[in-house]
């Protein structure tokens with residue numbers, strides 16, 4: 001699973017990425033600070049299964065604080081996109097192609113309106129952030145159109161000559177963008193497209209591209225810089241104008257500051273919480289204390305968190321509909337190295353015990369005999385549908 005972080009230059013996109021990953025990336029208030037895409041690991045937050053067993057887990061990847069487990073996910077931060085990106089403006093075509101493998105997108109916008117359409121700084125509230133949502137939708141749609149049209153004439157003639165299945169052929173053509181045959185089959189009859197692909201118009205291409213883009217690259221909006229005074233009205237307007245999007249107010253600068261302070265043992269902060277605790281006041285300067293106090297009053301008390309963790313959790317659990325499942329044994333929760341509940345996997349909702357076995361290892365799936373729900377100690381079959389937070393032992397043959 002790969003989540004792409006997109007947006008125009010200087011909207012706080014790289015700050016959001018660093019706040020989510022604590023990865024070292026260049027952050028500056030000018031366009032195209034990011035040129036090459038940045039890959040790093042972020043984390044979704046879940047209730048850890050260790051609490052059920054009254055033990056402390058030892059994750060091999062991620063971490064756990066107070067029975068709150070942080071499970072890793074892959075994130076990619078591409079360079080800022082500007083109008084005309086699909087035509088190559090600002091190296092946009094290259095940046096869009098970096099998103100090919102993304103399963104979902106987080107669109108970071110400057111909700112305070114303090115950067116214009118090119119990412120240049122302007123007076124707060126002087127630019128309308130609603131424009132950014134429409135701009136990115138258009139760029140992504142036309143990017144899909146460009147990909148669809150590559151070699152289309154040859155493809156269409158081949159379909160016509162061989163009488164091949166149009167829907168299956170289009171799915172194959174767009175598989176690199178994450179488009180599946182199931183997606184095509186679900187929407188194709190409703191689009192009213194010509195039976196013969198040779199007869200597709202520009203309007204037909206755009207209709208097909210927009211529909212498939214929404215399915216294969218679902219998007220959430222992170223309304224960044226929400227702590228700037230007056231931004232509330234912009235966020236309210238965004239939610240009214242774009243009701244189909246999940247829009248979450250956030251302050252990536254605040255999240256980054258809190259994580260850095262926690263990292264240096266100045267405070268205790270669990271990402272996603274609406275509060276923090278100063279644990280070592282002697283390490284803090286007066287300026288740092290003032291900054292933390294401002295974050296508490298203008299961000300945490302107002303939004304019940306910085307919004308960054310909420311964005312990550314929402315895109316994984318609500319948009320992509322994943323569930324966390326732990327491997328474990330009825331008689332032993334530890335692995336061979338003594339680590340308790342060391343792993344947690346993210347699977348699609350309605351995944352079965354057999355799906356989970358294959359997720360762990362192909363051999364477990366091929367030699368599956370039965371599974372055990374470790375919490376209830378109940379034996380289940382391969383078709384048993386798993387629930388979020390289940391701990392499952394797979395029994396396989398030799």
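Computed from the coordinates by the stated procedures, all read-outs in this text should not be read as laboratory data. Keep in mind the model is a prediction, meaning the values are calculated, not measured. Cβ sites come from the backbone with ideal geometry, for glycine too, and all protein chains shown count toward neighbours.
Tell me, 143, 152 in order of fewest to most beta-carbon neighbours within 10 Å?
The fewest-first ordering by Cβ neighbours comes to 152, 143.
Let me have the 222 nm mean residue ellipticity of the chain computed from DSSP H runs of 4+ only, each contributing -39500 (n - 2.57), with the sum over all residues rounded to the nearest 500.
Computed ellipticity for the chain at 222 nm equals -10000 deg cm²/dmol.
Which order do the peptides 328-338, 40-50 take when ranked by the mean count of other beta-carbon atoms within 10 Å per residue, highest first?
40-50, 328-338
Enter the Cα centre distance for the pair the stretch 53-76 and the stretch 161-225, rounded to the nearest angstrom.
One Cα centre to the other: 37 Å.
Arrange the following residues from fewest to most other Cβ atoms within 10 Å of their Cβ: 374, 198, 308.
Arranged by neighbour count, lowest to highest, 374, 198, 308 become 198, 374, 308.
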